[in-house]
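Comments concern the structure below.
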Amino acid sequence: MRKLVFGILILAAGWSSCKTNDGKTSLPIFGSRKAVTKTVNGQSVTDTVYQTIPKFSLVNQYGDSISNKNLDGKIYVADFFFTTCPSICPMMARNLLTVYNTFKSKDDFKILSHSIDPKHDSVPVLKKYADKLGVSGNTWWFVQGKKEDVYTIAEKNYLVAVKQDSTAAGGYVHQGYFVLVDKQKRVRGAYDGTDPKQVDQLITDIKTLQAEPDQK
Amino acid sequence: MMAIRYPKSIVAALGLSIVISLFFSCENNNSLELKRYYSEGAAIYQTHCLNCHAADGSGLLALIPALNDSTFLKNNKASLACAIRYGLKRPIKINGKAYDENMPAANLAPMEIAQVITYMNNSFGNQLGMVTMDEVEADLKSCK
């Protein structure tokens, strides 16, 4: 009898460790990477250096400057939209609101919605848009900057995950992706922002990411 | 007593069922037409309206009004076709909340407009009956 109980315990332990091993413990890291070899204490050590989101400089709905530094040590979701977009943007906003409402109490979480129509989407226009969505505080920033800069960072950096996964040609900026970025500014996922199922996956993945040791 | 009551209730039940079946048979023609409009309208709603007004017609907070304000829909019945065909950009009040937004025009034929209005008018808690293509064509003649 004692043996049996012991056996079950071992089985249970094995099963639960399996579960945490092959389950959703860590997310992929997207973008280019290179091996960097340096010498530490006379020994050569090889490290993988991942592509990260580079410097940027934008303005949010309150008129505050927002740079890459404001996202240091934050897990964040980036997307690209414009306030007068009649097609997919209302769905994206509806879905991002779910993400926002799930994580808005965490101060290491942010949402960065980039306008791709900065000419129309001035600071007051962005503020009004945020107000109408019931968004206040500093969890969700609606930002604008130079159009070329936003397009460049979108295509070259945020949407690398999309490009890697898809054979479709160009125009990703207009396709409503939500991009998940970790505290080291590495891209960890991209999700179709118009599909509630993928947005559920995003929420699950954010929780998974938050549990990673280097995201604490 | 029992002997009298029994047949009486049978007669009553029979009479009632005749009335009911008459009622249903004359409703059947209408409701069949309504059902046809409704199911076509549901498909049109999905492709042309759902992204903004949401699957459940709830809209999007203060940006896009909900479609469940039966009083508004009833009072503005004659101008709905114009709003859908040519867009809507004027201050309105929906469920007591003010909106002054911009709905773009939808390139739909009168039949499709009638179908999508019929769908809307009988979804999301609305029970406003059907709108026919003839009504829509007439309404479209007097758009402002």
key: Inter-chain shielding of A:75-87 (mean C-beta neighbours from other protein chains, 10 Å cut-off)   = 1
remark   = Probe 1.4 Å, all chains present, heavy atoms only: A:I206 accessible area in Å², nearest 10, is 0
inquiry  = Keeping all protein chains in place and using 1.4 angstrom, which order do A:L202, B:L67 fall into by accessible surface area, from largest down?
reply    = B:L67, A:L202
request  = Would you mind putting B:104-112, B:82-90 in packing order, based on average other-beta-carbon counts within 10 Å, highest first?
outcome  = B:82-90, B:104-112
ask   = Excluding ligands, DNA and RNA, what is the solvent-accessible area per residue of region A:2-215 at a probe of 1.4 Å, expressed in Å²?
value = 53
task = Please give the solvent-accessible surface of A:E155 in Å², to the nearest 10, using a probe radius of 1.4 Å with every protein chain present.
result = 70
query = How much solvent-accessible surface does A:Y62 expose, in Å² to the nearest 10, with a 1.4 Å probe and all protein chains in place?
reply = 80
request  = Quantify how strongly other chains surround peptide B:93-104 by giving the mean number of their Cβ atoms within 10 Å of each of its Cβ atoms.
outcome  = 1
task = Go through region B:64-73 residue by residue and turn each phi into a ³J(HN,Hα) via Karplus (6.51, -1.76, 1.60, θ = phi - 60°); whole Hz please, and just put x for glycine and proline.
result = 9, x, 6, 10, 10, 8, 4, 5, 4, 5
query = If you average the sequence gap of Cα pairs under 8 Å that are 6 or more apart and divide by the length of region A:53-164, what percent do you get for the contact order?
reply = 35
key: Inter-chain shielding of A:132-142 (mean C-beta neighbours from other protein chains, 10 Å cut-off)   = 1
query = Can you tell which of A:F30, A:V173, A:I153 lies farthest toward the positive end of the dipole of region A:2-215, using +1 and -1 charges on the Cβ of basic and acidic side chains (Lys, Arg; Asp, Glu)?
reply = A:F30
remark   = Rounded to the nearest 100 Å², the accessible area buried between B and A, both sides, probe 1.4 Å, is 900
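The values are calculated or read from the model by the stated rules, or taken from the named source; none is laboratory data. On a predicted model such as this, the values are computed, not experimentally measured, just so you know. Neighbour counts run over all protein chains shown; Cβ positions are idealised from the backbone, glycine included. For accessibility, only protein heavy atoms count, side chains too; no ligands or nucleic acids. Shrake-Rupley method; radii C 1.70, N 1.55, O 1.52, S 1.80 Å.
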